[in-house]
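Beneath this line is the structure, given in structure tokens, with notes to follow.
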Amino acid sequence: MEITNLQKKLIILLSILVGIMVSITFSLYRAIYVNPNNLNVIYQTLQDEAIPTSLNDVSILYFTDLEFGEFQNQERTENLFNTIYDLAPDVVIFGGDLYDSSDQINDENNQLLINYLSKIDAPLGKFAVFGEKDQLDETMLNAVNNIYSNSQFEILSDINVKIGNQSTASIRLIGLSSQPNFEQALSNLSSDEYNLLISHYPDTLVNETLASYPISLALAGHSHGTQVTYPIIGGYRSIENATQLNRSISKNLSFDYIISSGVGCTNVNVRLLSTPEIYYFNLHH
């Protein structure tokens with residue numbers, strides 16, 4: 001029995017549809033059961049004339065949006081911090097949102113986070129900026145402040161600090177608050193220095209005020225890469241303070257920037273085309 005051209009076309013079409021369904025099923029399985037438990041380490045060299053030679057090979061680790069709580073449980077958190085310990089960075093920067101919600105705050109969880117954060121041995125400093133969830137209410141803010149205070153993290157809220165390595169030569173680290181005072185945060189910046197800006201919100205980076213300052217690189221988080229990103233279409237939802245700039249929408253700014261997808265999950269325990277990640281930077285003159 002001969003197969004007609006129509007039957008051949010139907011077989012090809014059916015094969016394509018089956019292939020698409022298998023691909024979708026596989027992607028959904030990974031998005032729900034695999035990706036949220038994964039952690040990518042992105043290695044990048046920051047090379048600039050403004051970086052002093054005394055800071056050659058100094059490492060900076062940046063992670064953001066831990067969202068400890070319902071989805072970011074102790075097992076995932078332990079995996080994250082064990083990775084950080086193994087990387088042994090010289091500087092650590094956390095980009096905000098320690099807890100997912102106030103419901104998870106208790107003495108046991110607070111102490112657990114203090115233990116994890118305290119164990120990070122970063123000889124040139126540990127720093128953090130506030131995310132919106134860190135300031136949800138007084139209970140949350142007090143808990144987060146206490147955790148940072150007891151784990152040797154310095155909060156950068158519209159201030160900048162110098163980072164050096166046994167030398168007066170340095171780079172400058174600038175941390176912005178949720179409602180930044182740019183003049184205060186960016187005071188004393190010099191174009192002769194490497195200036196690394198940290199903002200929890202991506203949309204803050206498009207503020208025209210920043211264009212008049214010598215910013216070398218900006219880091220932001222907040223949006224989690226929307227956690228679920230559809231091919232071609234982009235993120236499954238719009239996230240306040242990440243509508244003008246996110247992993248799907250880029251802009252030409254006066255400085256380079258990186259928007260991290262963060263490490264935790266919020267709202268849904270799913271990661272599609274937005275795997276949890278941390279950044280490991282090596283400085284070089």
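Please treat every number below as a calculation from the coordinates, not as lab data. Predicted model only: the values in this text are computed from it and were never measured. Positions of Cβ are backbone-derived with ideal geometry, glycine not excepted, and every protein chain shown enters the neighbour counts.
Points worth noting:
- Entry note, the chain: relative contact order of 27 percent, from Cα contacts under 8 Å with a spacing of 6+ residues.
- Listed residues 177, 15, 248, most fluctuating in the chain (Gaussian network, C-alpha, under 10 Å): 15
- Listed residues 121, 107, 134, most fluctuating in the chain (Gaussian network, C-alpha, under 10 Å): 107
- Shown in residue order for the stretch 95-110 are the 3J(HN,Hα) couplings computed by the Karplus curve 6.51 cos²θ - 1.76 cosθ + 1.60 at θ = phi - 60°: x, x, 6, 6, 9, 7, 7, 5, 4, 8, 6, 7, 4, 5, 5, 4 Hz (x for Gly and Pro).
- Antiparallel bridge percentage (DSSP; both residues within the stretch 40-284; nearest 5): 30
- Shape call, the chain: gyration tensor on alpha carbons, a/c limit 1.5: prolate
- Packing-based exposure ordering (other Cβ within 10 Å, fewest first) of 155, 51: 155, 51
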